Structure formats: C-alpha cells, structure tokens
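The structure appears below as structure tokens.
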Amino acid sequence: MIEIKNVRKSFNALEVLKGINLTVNKGEVVTIIGGSGSGKSTLLTCINGLEPINSGQITIDGTDVHAKGTDLNKLRRKVGIVFQQWNAFPHLTVLENVMLAPRKVLGLAKEKAEEIAVKQLTHVGLREKLSVYPNRMSGGQQQRMAIARALAMSPEYMLFDEVTSALDPMLVGEVLDTLKMLAEEGMTMICVTHEMAFARDVSDRVAFFHHGVMAEIGTPDQLFGAPQHPDTQAFLASVR
Amino acid sequence: MFDTALTWSDLAFLAQGAAMTLAVTAVSVTAGTVLGIVFGVLRVQLGAIWSAPLTFVLDVFRSVPLLIQLVLGNALQSIAKLGWAPFTTSCVVLSLYTAAYCSEIIRGGIDAVPATTRRAARSLGMTWWQDMRYIVAPLATRVSLPAWIGLTLGVMKDSALVLWLGLIELLRASQILVTRLQEPLFILLICGVIYFVISFPIARLGGYLERRWSPND
Ligand SMILES: Nc1ncnc2c1ncn2[C@@H]1O[C@H](COP(=O)(O)OP(=O)(O)OP(=O)(O)O)[C@@H](O)[C@H]1O
Ligand SMILES: [Mg+2]
C-alpha cells in the first residue's frame, strides 16, 4: 500500500505540491490526469524518493520513504518507474539493459538474470530484439524495453509517467496495450497520462491534479461522467 | 644519404632518449589521468560553487607555460629540500599539468551523460557507485576519448621540455648528436620518425575504439 499524507513540495519559491493525500491499495490502478505543470511528475518522483519533500509523509508498505534511515536503493527495488523520455542505456544491448539491475542490484547469477530478462522482454513483445542496441529501435520499442527493465526487478508497484507522450501517434497503441496487460495481471500502478480513453479503460480510480492540488478523485464513471469540480469540467472539456 | 658519420652507438643513444621520453610520458599520463578522474568527478559532485577553489588551482596549471612550471617546480623542491631527482620532479610537474587538462575532459564527459539516463539507473535501485561504474563511466569514456588521446599525444611532445632539468630525452639526445656530428637534417629526420612511431599507435587506438563503439550509439 502506498500512503501519501499531506505532502508538500517546493522547487525554491515555487510550491508544486500543495498538500496531496492519496492512498493506493495493492492491486489498484490509479491514473492521474491534469494540466501541464500541475505537479503530476513531481509526485511520482517523490514517491520513489528521487526527489525530497518539504513536509508530509509518503509510506510504502509502512516504510517512510523520506525518513533519514530509509534505504532508498532497497525501496526502489519494489517500486518501478518508467519515464516519459526513453532512457535506454545506449551502450548496452536490449538484453543487457534489462539484465543489468537484476545482476548488480539483486546480485543474481548471470544465467538467472538472463532468464528473467528474456521472460520480461518476451512479455512486452521484444523477444526478437535481445541483441539489438536501443538506438536501432523505435520509440515504442524503447519504451517497452524500459517497462521490461523495470519489471525485471519484480517490483510490487509500478509508476508510469506519461510513457506515451513522446511517441509518434502510431506507436502509442502498442505501449498502452502493454500497460493494460499489466493492469489486467493485477499490478499495482499509478499512471500519469494524457490518454483519456486509456484512463477510463484501465483505472480503478482517476485523480485530477490542478495547480499542485488533487482537485478531484473518483471512479472513471464518476470523474469522466459527472465531474464535480469546475476545474475538472473545464479540463475535460479542453481535452475532448 | 648513406654517407653519414652516425654510428650504431649513436642510434642506441637516440633510442635511450626515446625510452626516456616514453617513460616520462607513461608515468605522467597514467598518474595525471588517475588524478584527473578524481578531480573531474569531485568537480561534478561538488558543483561549480564548492569546487571553485579546486577549479582555480587547476586553471593555474593549465594557463602557466609548462616550461615555467618545470623550472619553478624544480626550484621549489630544492628549497623544500625534497632532494628529488630531475626525473621525479619532471614526472610530478607533468602529472599535475596532465591532471589539470584531464579533469576538464572528464568533467565534460560526465556532464554529457543525460541526467534522465542516470535517474533511470538510480530508479532501478542502483547506488551512486553502480551508476558511476556501469552507466556513467562507459558513456563518459566514449565522449572523452578523442580529447584524451589528443592530450596524451600533446604531453608526449611537451615532455621534451624536461630537457631543461637536465634529462636526456629524445629531443635533447638529437640535439647533442647534431652538435657533435653537424648533420642536423638527417638526425632531426630520424628523431621525427621516432616521435611518429611512438605516436601513431596511440592515435590509431583512438580511431579503433571509436569505430568499435560507433554502431551502438
Ligand atoms: N527540478 C525542477 N526544478 C525546478 N522546478 C521544477 C523541477 N521539476 C519540475 N519543476 C516545476 O514544477 C512544476 C510541476 O512540474 P511537473 O513536472 O511535476 O508537472 P507535470 O504535472 O508533470 O506537467 P506535465 O504534464 O507538463 O509533465 C512545473 O512548474 C515545473 O516547471
Ligand atoms: Mg510530467
């Protein structure tokens, strides 16, 4: 369970998160929508401790992410994240990209790490690309590789930050299908997305962020069907 | 062309000079690179403000002519009664000079690794050290290599200046023979060929590695 309690976060004078409260239960898929600069990406990077917070608390299965003694490297093994920019390790093949962390972070033997990597790459449809270097693949393939790379750590939670927004429209579908597959398999996920149809389709709950505040949260039917907050209504009207 | 007073023992004398050039270069480039990596990483980690004093000192080493550094370095070690041999003094000064340039090359290489790539590595649970070792080091090496090869070749040629501390390296050895035999063109030609023979493999190594890596990135 991920529990976010009254989290505030500023970059210098700019307050980006203004008291966020959100609990995500095991097996749940929560999507976050909202305008540019509303703090969606920042929240994800705070959840796995890549960014510090100013006040409040984020706990993952009871572990306080931002407490002094917390071993973030250990915590991050169970919280995978995939970013908007495809950030393959360009000097490694697809297989090596996915094997690296299981070998070095989990300390698995080469054969075991390779077995896991091949399994995850097959899962996202990249079985044919094992020995290819990332720059020889499309954006959609690189993004699916990034998903496999995160999954190879056997995380219990996955965070996705607009993983399709840097892709050609043609390639969006294959990546969204991969996310849907994970959701159906019961992965606990927080997805930031601009794809409203996708959000409606996979989410248990949808949260709308506006200027650093979570203005509204509810089931897809509630939020898309009968939005309560005027800002949610305005946002949904603008993206339709 | 074959009508020369140059003897086998003169050639051996030149070879000894070349060996001295190689020794000074090898020691200085090795020590200078290790130091340069340490300084370069330190500068990136500390950030521009906190590393300003270090950067300033390195800038001094980069801007004062090497000859002056050698002479001053030699004077300092004798004032400090360190009793260093000219070879030691030469290597110490050249190493610091190399380190100053090398730290700049390393810093540039590390900065060229995208922050998002490093963030991805950390988000997989890699420690700072693992990120440095498995992601930053290989990527920064590719970026830094051409400049580092250039630095190494430059240091090898600049190492001729250690003749001012009395070391008989390749250039000094040639000078001595020219004075004695009065055949400047022929001897300097041989000297040039030796410099080339030493440099060529280093220059080719760079090209080889670049070709090996280029299909990947
Ligand atoms: N490292 C940073 N330093 C300073 N300001 C930042 C930093 N990261 C983000 N910000 C600012 O924080 C605000 C929220 O950024 P964030 O990336 O969380 O928004 P977002 O909701 O993800 O937007 P988008 O939909 O455009 O990705 C923005 O105004 C942004 O400029
Ligand atoms: Mg964002």
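Tabulated data
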read-out: Among residues of segment A:104-114, those that are outside any loop (DSSP other than H, G, I, E, B) and facing another protein chain (nearest Cβ under 8 Å), counted; value: 1
read-out: Residue check, A:Ser131 assigned by TED's automatic domain parsing to the domain that holds A:Val24, surrounded by fewer than 22 Cβ atoms within 10 Å (Cβ to Cβ), of a type in the set (S, T, N, Q) and not in a helix (DSSP H, G or I); value: no
read-out: Criterion violated by A:Asp204 - all others in (1) away from ligand 2 (no atom under 16 Å from the Cβ); (2) under 30 Å from A:Val118 (Cβ atoms); (3) not polar (S, T, N, Q) satisfied; value: (2)
read-out: Residues of segment A:49-61 satisfying the condition of being part of a strand (DSSP E or B) and either within 16 Å of ligand 2 (Cβ to nearest atom) or surrounded by 15 or more Cβ atoms within 10 Å (Cβ to Cβ) (or both); value: A:Gly56, A:Ile58, A:Thr59, A:Ile60
read-out: Hits in segment B:46-67 (condition: in a helix (DSSP H, G or I) and among the hydroxyl-bearing types (Ser, Thr, Tyr)); value: B:Thr55, B:Ser63
read-out: Close pairs (8 angstrom Cβ cut-off, 6 or more residues apart or separate chains): under 23 Å from B:Thr89 (Cα atoms) in segment B:165-192, assigned to a loop (DSSP other than H, G, I, E, B) and modelled with pLDDT of 90 or more anywhere; value: B:Ile176/B:Ile168
read-out: Single condition A:Ala146 does not satisfy, out of (1) of a type in the set (Gly, Ala, Ser); (2) in a helix (DSSP H, G or I); (3) away from chain B (no Cβ under 14 Å); value: (3)
read-out: Contacts under 9 angstrom Cβ, first residue in segment A:173-195 being assigned by TED's automatic domain parsing to the domain that holds A:Ser41 and within 19 Å of A:Asn25 (Cα to Cα), partner within 16 Å of ligand 1 (Cβ to nearest atom) and part of a loop (DSSP other than H, G, I, E, B), 6 or more apart; value: A:Leu179/A:Val163; A:Leu179/A:Thr164; A:Leu179/A:Thr193; A:Cys191/A:Glu162; A:Cys191/A:Val163; A:Val192/A:Gln84; A:Val192/A:Glu162; A:Val192/A:Val163
read-out: Single residue of A:Lys18, A:Lys40 found to be closer than 25 Å to A:Glu185 by Cβ, assigned by TED's automatic domain parsing to the domain that holds A:Phe198 and in contact with a strand residue (DSSP E or B) (Cβ under 9 Å, 6 or more places away or on another chain); value: A:Lys40
read-out: Residue count for segment A:49-61, restricted to those that are more than 14 Å from chain B (Cβ to nearest Cβ) and on the phi > 0 side of the Ramachandran plot; value: 2
read-out: Filter result for B:Thr141 (at the interface with chain A (Cβ under 10 Å from one of its Cβ atoms), surrounded by fewer than 18 Cβ atoms within 10 Å (Cβ to Cβ), among the hydroxyl-bearing types (Ser, Thr, Tyr) and under 21 Å from B:Gly207 (Cα atoms)); value: yes
read-out: Selected residue (criterion: nearest to the other protein chains (Cβ to nearest Cβ)) from residues of segment A:62-103 that are touching a strand residue (DSSP E or B) at 6+ places or on another chain (Cβ under 8 Å) and part of a loop (DSSP other than H, G, I, E, B); value: A:Phe83
read-out: Counted residues, segment A:197-215 - those being buried (at least 19 other Cβ atoms within 10 Å of the Cβ) and in a helix (DSSP H, G or I); value: 3
read-out: Residue within segment A:34-48 that is within 14 Å of chain B (Cβ to nearest Cβ), more than 13 Å from ligand 2 (Cβ to nearest atom), within 19 Å of A:Arg76 (Cα to Cα) and more than 17 Å from the chain's Cα centre (by Cα) present; value: no
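The values are calculated or read from the model by the stated rules, or taken from the named source; none is laboratory data. Remember, predicted model here, so these are calculated numbers, not experimental data. With ideal geometry, Cβ positions are generated from the backbone for all residues, glycine too; neighbour counts draw on all protein chains shown.
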